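Before any comments, here is the structure.
The values are calculated or read from the model by the stated rules, or taken from the named source; none is laboratory data. From a predicted model like this one, the values you see are computed outputs, not experimental measurements. FYI the Cβ positions are ideal-geometry reconstructions off the backbone, even for glycines, and counts take in every protein chain you see. Remember, those area values only see protein heavy atoms, side chains included, never the ligands or the DNA or RNA. Shrake-Rupley method; radii C 1.70, N 1.55, O 1.52, S 1.80 Å.
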Amino acid sequence: PLKGARVVSTWDFGVGANAAAWKVLSGGGSALDAVEAGARWAESDLCNPTVGRCGNPDRDGVLTLDASIMAGDGRCGAVAALEDIDHPVSVARAVMEKSPHVMLVGEGAQQFALANGFRKTPLLTDSARQAWQEWLKTSQYAPQINAERRLRPGDSHNHDTLGILAMDAQGRLAGACTTSGMAWKMHGRVGDSPIIGAGLYVDQEVGAATASGVGEEMIRNAASFLVVELMRQGHSPADACREAIDRVVRKRPEDSKRLQVCFLALGRDGRVGAFALHRGFVYALQDGGPGPHDVLHDAGS
Ligand code: SD4
């Protein structure tokens, strides 16, 4: 019954997110439930300083969370700059299912969450606070490429956003993206992850795409939408990601040496591809096949 079902996630911690999503898929659940479960796993992972409750704060020491979720039929929801609410991906799903809107931000997103059964919880951990206090000594905002390290399972301090894409046994597609954003960002900064078309896009006719890296570049290029549109024009998922990276470079060649941008795509036919501006990007794939169920692929350029 699971023929065709699969889930792919960004970075090494995608292995854990995939395992949570696969539980849903292997029980006959939907791709939408699967990506939410995978994203919730990442949001709870206390080893991950860039997603959910263990995330690093902004330059004022405030932890703000961004998340989005999208189904192949165009339903979508997102929250940005959400404070003190656990599981922003589930708030994003509630925006999708229980509000007339697609995106809620800041205080309004928090009010909506509280009105829909979420509880206010201080999320900033001691280690994140300490990291921020250390950062304050220099106060330099300089996103790391993270290219030197080849990421492996158990290498728990690698950073970046969780983007997760799934196809269920019925061929339905869905995706989710969740992050605390760039560490030490300006207060109020919103990245690509909660912006439909930038950090995440899903179209049942074609496929799904998600992004990680410096979100300003994704927003500038409507990048996940671009990857899906390139697949619509006939590119394989891998070629679509490569072409989108080329677009990013062409637009701002001067930035491309110092910034990381990574794309991950899943075609409607189940093909998976990825590409990144710099080495070091990996993704995890779970398709229930023989052999190791989670495979890490280096997708560095
Ligand atoms: C953002 N794309 O907020 C996210 C963060 C990320 O590598 O992926 N960092 O810009």
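List of remarks:
- For beta carbons closer than 6 Å, sequence separation of 6+ or different chains, a first residue in region 202-218 that is within 10 Å of the ligand (Cβ to nearest atom) and a second that is polar (S, T, N, Q) and not in a helix (DSSP H, G or I), the qualifying pairs are S212/T10; S212/T161; G213/Q260.
- Number of positions in region 256-270 that are within 15 Å of the ligand (Cβ to nearest atom) and either hydrophobic (A, V, I, L, M, F, W, C) or more than 16 Å from A223 (Cα to Cα) (or both): 6
- Among the residues making up region 193-216, a single one is open to solvent by 10 Å² or more (accessible area, probe 1.4 Å) and assigned to a helix (DSSP H, G or I): E216.
- Residue in region 77-89 that is modelled with pLDDT under 95, more than 16 Å from the ligand (Cβ to nearest atom), among the acidic types (D, E) and farther than 20 Å from L200 by Cα present: yes
- Considered as a group, the residues in region 183-197 that are within 9 Å of the ligand (Cβ to nearest atom) and in contact with a Phe, Trp or Tyr (Cβ under 8 Å, 6 or more places away or on another chain) include one that is nearest to Q133 (Cα to Cα), and that residue is A183.
- Of all residues in region 213-226, one or more are within 15 Å of the chain's Cα centre (by Cα) and within 21 Å of A31 (Cβ to Cβ).
- Among the residues of region 25-65, those that are within 12 Å of L123 (Cα to Cα), part of a helix (DSSP H, G or I) and in contact with a strand residue (DSSP E or B) (Cβ under 8 Å, 6 or more places away or on another chain) comprise E43, G52.
- Residues located in region 150-179, provided they are in a loop (DSSP other than H, G, I, E, B), within 14 Å of the ligand (Cβ to nearest atom) and modelled with pLDDT of 95 or more: none
- Flag for S90 being of a type in the set (G, A, S), over 16 Å from M182 (Cα atoms) and in contact (Cβ under 8 Å) with a residue 40 or more places away in the chain: yes
- Scope region 249-274; condition farther than 18 Å from G175 by Cα, open to solvent by less than 40 Å² (accessible area, probe 1.4 Å) and either in a loop (DSSP other than H, G, I, E, B) or out of contact with any Gly (no Cβ under 9 Å at 6 or more places or on another chain) (or both); matching residues: D255, S256, L259, Q260
- Here L63 does not fit the description of being closer than 16 Å to A128 by Cα, at pLDDT below 95 and open to solvent by 10 Å² or more (accessible area, probe 1.4 Å).
- If you check A208, A222, A113 for being hydrophobic (A, V, I, L, M, F, W, C), modelled with pLDDT of 95 or more and at positive phi, only one passes: A222.
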